[in-house]
Each structure stands twice: as structure tokens, then as C-alpha cells.
Amino acid sequence: MADTEIKKGLAGVVVDHTAISKVNAETNSLLYRGYPVQDLAEKCSFEEVAYLLWYGELPDPWQLAALKVQERSRRTLDPAVRAAIESLPTSAHPMDVCRTAASVLGARHGLAEDSSPQANITKAIDLWAAMPAVVAYDQRRRRGLDIVEPRDDLGYSANFLWMTFGEDPVDEVVEAFNVSMILYAEHSFNASTFTARVVTSTLSDLHSAVTAAIGALKGPLHGGANEAVMHTFDEIGIRSDESMDEAAARAKAWMEEALAHKKKIMGFGHRVYKNGDSRVPTMKAALDKMISHYGRPELLGLYNGLESAMDEAKRIKPNLDYPAGPTYHLMGFDTPTFTPIFVASRITGWTAHIMEQPASNSLIRPLSAYDGHEQRSV
Ligand code: COA
């Protein structure tokens, strides 16, 4: 096998077809079922986009109403999931809490061993509907607060904020949150989606595939980067009394020092996009609105300082996690809760792939080039 060409990280390898989304690095574009993601973020609710990813078309008013009825009926935290969360230390990472909750919900689902298309769409909607309660309750219990019950007069994004903070959500904040949920929903064969497809290819069940995908998303090279961005901001120091320019200058100095030490800066770079992430301009616009809504220009200073220093030094552009991290921070989410929000969104994309994979399934099982000992005697 000495001459075998190894494609480390499967970089550049096309492993299957998909009709769910198209990432075009040359034109910096991302289509969900043919629609540009920035148009969906501007014109649609997250529920409409979830429907699009699952069914291939945007819903008509009746289809949307039916989806909302099912989603709203599944929002309450299952008592067994609550007990499982409470059995975990409050120091447990919220991604571990999400992963555990997905697993418990799977084992308790009435259709647990049924992987028919009808069972899978029911399980996908149920799991998507259940996740905000998990994320919200976990953040509240870490703050010593009681659970907030869901409200069925609110859409998915507004109810998510309601259950987390227990306050009537402000429209502008709901809008920015909705944009982030749409942008995070789907991104072709990224590491966690590929993980979900690998598990599905063994004919395992939907919840097992999502549980594995949550594990893959946790890593800082993938979804965990949105948290890591906030750690960078914290390390530089967020000073609310500082001007934008002062903050930018400190951020620039921090970046130069970090790059001189060959540090990887989270929230920058992408395996596929090499000239900028198609989702960043839309998320940056949402961040800008939140910065002015909360009156926090110094955060924009840090943001701009890091971005321009990275561009000057290495021409590496920010990815979606870069504007998403500070947006969630401004909304009041704890930093370790950022990636679980991504989970609630990406469940839509993962489960769309979990339902697409069986249509032309082949067990995903690559080869390896052995470079250990030659055969030897015991
Ligand atoms: N900070 C500093 N340097 C970076 C970088 C970053 N965030 N991303 C890439 N680079 C540099 C690498 O050091 C490497 O430089 P070199 O050729 O001098 O060694 C070059 O750019 C290529 O990087 P590489 O890691 O091989 O690219 P990749 O396609 O394998 O990696 C990521 C893509 C996403 C893993 C990588 O950009 C990264 O680690 N980013 C930070 C994590 C992150 O934000 N992840 C979320 C992705 S949506």
C-alpha cells in the first residue's frame, strides 16, 4: 500500500450525491434545496426552512400549520430527560447534556426501532421540537433558576428565547436568532452530517445518528468554534467603557501575537470556502443589529480588529461561528450554550440527511493503509 494516495481528512473527496444543499466555494454561495440561504434567512421562519430541508419544498400555509401543531405539541421537557439532566453535574458541558438528552429521547421514543420514512420524519420533528427545552433548562439550572414551561403562542425561535430567559422576547432579538438558526441548519457533508450518514449507513436508527453527530459537532474545529470565539474575546478582555477603536487596536495586537506563536484562531478558515464563508455577511448583519440594540460598540471593535489583522497577516476569512458567537453572547446565552443552539438548528439538516441516506444506501466503510509492524511471531 506504499504508493496509495491518502486523502487526509477526506479533503476534496466526493463520497455521495445529495439534493439537500449545495456549497459552491467558487461563488461563495450556499443553496438549501435550490434556494440561496441568505434569501431564506431574510424571508422565512426557521419552521419553513426546516420543512424545506425535510420535504424538499417550502410549505404551503396548511403544511406549515400542521408542522407547527406537531412541533408545539412536543416542546415540553420529558420528565425522564429532566431526571437524566439532573443526574449530571452542573459542570457537565452542555453538549454532553444535549448528547445525553438525544440518546434518552431515542430510547424512549415509541418508534425507536422503526426507521421507515414515516417514522423517521416523526422522530425528526419530535427531536427538533424537544431540544430547546433541554438547552434552555440546562442553562437555567446552572444559574440556579427554575424551568420555564414552553408557550404555544410563540414560534420556534421566540419560544427558545422565552424558555431560556423567562422574559417576553423582543422582536429584533427573535429575528436575529431566527437568522442564526436558518444559517446553521444545513451545510452538506460537514463532519457531523457525515458522521450521521456513516451511522445511518449501518442501518442504525435516527437518534443514534444524531447522538453521534452531536459528539462530532462538539469539537472546536467544527461547531465548538462558536464558543471558542467567545473565549478569544474574553482572553483579549471585553471592556464596556472602551471605544470601538481602542478595542480594535487591542484585538489587532492580540492577533499579531497569537499568529506569531502559530496559534489556530477559532472562527477563521474553512475546509471548503477559501475566500469567505457564504453565511457570514448575513450573520454579521444580524450581529450589527444586536450590537446597536444592546449598545455594545466595543464588541464590534474587537470583531473588526481580529478580522482585519487576520486578513492582513494570512488572508484567512471568518466563518459563520465568528459572528454567531458574539451574537449569542449579547442575547445572554452562556458561552458553553452556543454549540447546543447550533445542535437545535442542525438537527434539521442532520435528519434530512439521515432520511436521504437510505434511499441509495451503501455501508460507508473506507480503507486504511497499514504502516505498523510487518507480521511477526508472538
Ligand atoms: N487560524 C490560523 N491559521 C489557520 C486557520 C486559523 N483559524 N485556519 C487555517 N489556518 C492556516 C493553517 O495553519 C495552515 O497554514 P500552513 O499551511 O502555514 O500550515 C493553512 O491555513 C491551511 O489550514 P488547514 O488547517 O490545513 O485547513 P483545513 O482546510 O484543514 O482547515 C479548518 C479548516 C476549519 C479546520 C481550519 O481553518 C481551522 O482549524 N479553523 C479554526 C476552527 C474553526 O473556526 N472551525 C469552524 C469551521 S466552520
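The values are calculated or read from the model by the stated rules, or taken from the named source; none is laboratory data. Every value quoted in this text rests on a predicted model; they were computed, and no experiment measured them. No Cβ is skipped: glycine too gets one built from the backbone with ideal geometry, and neighbour counts run over all protein chains shown. Surface accessibility is based on the protein's heavy atoms, side chains included, excluding ligands, DNA and RNA. Shrake-Rupley method; radii C 1.70, N 1.55, O 1.52, S 1.80 Å.
Hey, Glu242 hits all of (1) on the phi > 0 side of the Ramachandran plot; (2) modelled with pLDDT under 95 but one; which does it fall short on?
Glu242 satisfies all of (1) on the phi > 0 side of the Ramachandran plot; (2) modelled with pLDDT under 95 except (1).
So which pairs qualify, if the first residue must be in region 251-268 and in contact (Cβ under 8 Å) with a residue 24 or more places away in the chain and over 18 Å from Ala225 (Cα atoms), the second must be near the ligand (Cβ under 10 Å from one of its atoms) and assigned to a helix (DSSP H, G or I), the Cβ gap must be under 8 Å, and the two must be at least 6 apart or on different chains?
Within 8 Å, the pairs are Glu256/Ala313.
Does region 282-293 contain at least one residue that is within 18 Å of Phe177 (Cβ to Cβ), among the charged types (D, E, K, R) and open to solvent by less than 20 Å² (accessible area, probe 1.4 Å)?
no
Restricting attention to region 5-23, and to residues there that are away from the ligand (no atom under 16 Å from the Cβ) and in contact (Cβ under 8 Å) with a residue 24 or more places away in the chain, which single residue is farthest from Ser201 (Cα to Cα)?
Lys22
Only one of Ala247, Ala212 is under 14 Å from Thr193 (Cα atoms), open to solvent by less than 40 Å² (accessible area, probe 1.4 Å) and away from the ligand (no atom under 12 Å from the Cβ); which? Walk me through it before giving the result.
On the way: Ala247 fails: under 14 Å from Thr193 (Cα atoms).
Criteria check complete, one pass: Ala212.
Out of Pro132, Pro89, Pro150, which single residue is within 25 Å of Glu48 (Cβ to Cβ) and open to solvent by 30 Å² or more (accessible area, probe 1.4 Å)?
Working: Pro132 fails: open to solvent by 30 Å² or more (accessible area, probe 1.4 Å); Pro89 fails: within 25 Å of Glu48 (Cβ to Cβ).
So the residue among Pro132, Pro89, Pro150 that is within 25 Å of Glu48 (Cβ to Cβ) and open to solvent by 30 Å² or more (accessible area, probe 1.4 Å) is Pro150.
Quick check, is Lys289 part of a loop (DSSP other than H, G, I, E, B), over 19 Å from the mean Cα position of the chain (by Cα) and farther than 17 Å from Asp234 by Cβ? If you could, list the steps in order and put the result at the bottom.
Details: part of a loop (DSSP other than H, G, I, E, B): no; over 19 Å from the mean Cα position of the chain (by Cα): yes; farther than 17 Å from Asp234 by Cβ: yes.
Judged against the criteria, Lys289 is not a match.
What number of residues within region 135-147 are in contact (Cβ under 8 Å) with a residue 60 or more places away in the chain and open to solvent by less than 60 Å² (accessible area, probe 1.4 Å)?
Summing the residues that are in contact (Cβ under 8 Å) with a residue 60 or more places away in the chain and open to solvent by less than 60 Å² (accessible area, probe 1.4 Å) in region 135-147 gives 5.
What tally of residues in region 217-244 results from selecting those that are aliphatic (A, V, I, L, M), closer than 25 Å to Thr339 by Cα and more than 12 Å from the ligand (Cβ to nearest atom)?
3
Out of the residues in region 250-272 that are near the ligand (Cβ under 7 Å from one of its atoms) and among the small types (Gly, Ala, Ser), state the one that is surrounded by the most Cβ atoms within 10 Å (Cβ to Cβ).
This residue is Gly267.
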